[in-house]
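The values are calculated or read from the model by the stated rules, or taken from the named source; none is laboratory data. This is a predicted model, so every value here is computed, not measured. Backbone-built Cβ (ideal geometry, glycine too); neighbour counts: all protein chains shown. Just the protein is used for accessible areas: all its heavy atoms, side chains included, with ligands, DNA and RNA removed. Shrake-Rupley method; radii C 1.70, N 1.55, O 1.52, S 1.80 Å.
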Amino acid sequence: MTNSAHTPVMLIEVLDGLRIRANGTYFDGTFGRGGHARAVLERLGADGRLLLMDRDPEAVAVARREFSGDARVAIRHGSFADLAEWDATTAGLDGVLLDLGVSSPQLDDATRGFSFRADAPLDMRMDPTSGESAAQFLARADEREIADVLWKFGEERMSRRIARAIVEHRGETPIVSTCEFAELVASVVGRPPSGKHPATRSFQALRIAVNGELDALEKGLQGALARLRPGGRLAVISFHSLEDRAVKQFLRAHSQAPVTRRGLPPPPSAEPRMKLLGRAQFPGEEELARNPRARSAVLRVAEKLV
């Protein structure tokens, strides 16, 4: 979701992938600031429906200010992980869009604690009204849990050394700010030759853990499959390899016939439930020139069969 409010990532590719029908029902589970949603709504007729959801109360407030007067639009505060539990999706969906990760407004608002570029409280929650902040996690978790998070969600090779430094530091002073955490990680990792900030992987890992992002993604994909009508489209934009791997594996698992093993009863369904629509797509050079934050984006699209 790392796109500016006025620059939705891979907009044309997303609209082509969703194949918007004027009377269809579409779900945008990551409203952000509405770049994709507005474009979808422009293509809907009077009988079309657009269901909007976001974990971030600020994003939901923007959606309500802009769209509450449009009878075609329904808005809900919550995680797309729970899309199948929203009554509005029960009748079925013709398209689902998930634009994963942290949004540009969240990155640009230093008070949210997502970035090491400005000093702020170490929060990182996409929904600041619920759950444990990043600072609270670092204060509570033991060394092994912190190391596991840094390795699993950040693929940080120095995870154990960083975790040890965190535990030693908090024994004297709690880690409560973004710069404090970034400087601590940098003191362990050093400056890599790539020029990337040494705390980049650790910030990603902590954010994913605090927000339960990969668990939410798995549940959201399952919910999308359950609610899509036959012929409905699923479009997912990922921004790092962990997300994209999970999406790729899910789509592959449901686009191939179940394996029949010798001597065992055949699986209940021998037909794949989804069809992959082309290969992974990436932003073009023109888009990257306009919106450098799109550089890591990967779009995958699939169609539900049965």
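General observations
- Candidate set from region 168-197 (those that are at pLDDT below 95 and under 24 Å from the mean Cα position of the chain (by Cα)); member that is least open to solvent (accessible area, probe 1.4 Å): 197
- Scan of region 280-306 for residues that are within 17 Å of residue 17 (Cα to Cα), open to solvent by 30 Å² or more (accessible area, probe 1.4 Å) and over 20 Å from the mean Cα position of the chain (by Cα), ordered by number: 284, 305
- Hits in region 138-167 (condition: of a type in the set (A, V, I, L, M, F, W, C) and open to solvent by 10 Å² or more (accessible area, probe 1.4 Å)): 139, 149, 151, 153, 158, 165, 167
- All conditions in (1) open to solvent by 20 Å² or more (accessible area, probe 1.4 Å); (2) within 28 Å of residue 279 (Cβ to Cβ) hold for residue 69, with the sole exception of (2).
- Leading residue by the ranking (least open to solvent (accessible area, probe 1.4 Å)) among those in region 121-136 that are assigned to a loop (DSSP other than H, G, I, E, B) and more than 18 Å from residue 58 (Cα to Cα): 122
- Scanning region 31-53 for residues being within 20 Å of the chain's Cα centre (by Cα) and open to solvent by less than 20 Å² (accessible area, probe 1.4 Å) gives a total of 12.
- Filtered residue count, region 199-218, keeping only those that are under 18 Å from residue 118 (Cα atoms) and surrounded by fewer than 21 Cβ atoms within 10 Å (Cβ to Cβ): 1
- Residue match in region 264-271 (condition: open to solvent by 40 Å² or more (accessible area, probe 1.4 Å) and either touching a Cys at 6+ places or on another chain (Cβ under 8 Å) or at pLDDT 95 or above (or both)): no
- Checked against the criterion of being among the hydrophobic types (A, V, I, L, M, F, W, C), in a loop (DSSP other than H, G, I, E, B) and over 20 Å from the mean Cα position of the chain (by Cα), the candidates 74, 22, 88 yield just one match: 22.
- Every residue from region 229-255 that is of a type in the set (Gly, Ala, Ser), surrounded by fewer than 23 Cβ atoms within 10 Å (Cβ to Cβ) and closer than 14 Å to residue 298 by Cα: 241, 246
- Near pairs, Cβ below 6 angstrom, 6+ apart or cross-chain, from region 107-126 (β-branched (Val, Ile, Thr)) to any residue that is in a loop (DSSP other than H, G, I, E, B): 111/120
- Test for residue 9: is it surrounded by 19 or more Cβ atoms within 10 Å (Cβ to Cβ) and part of a helix (DSSP H, G or I): no
- Just so you know, in region 72-120 the residues that are of a type in the set (Lys, Arg) and either surrounded by fewer than 18 Cβ atoms within 10 Å (Cβ to Cβ) or in contact with a Pro (Cβ under 8 Å, 6 or more places away or on another chain) (or both) include one that is nearest to residue 221 (Cα to Cα), and it is 72.
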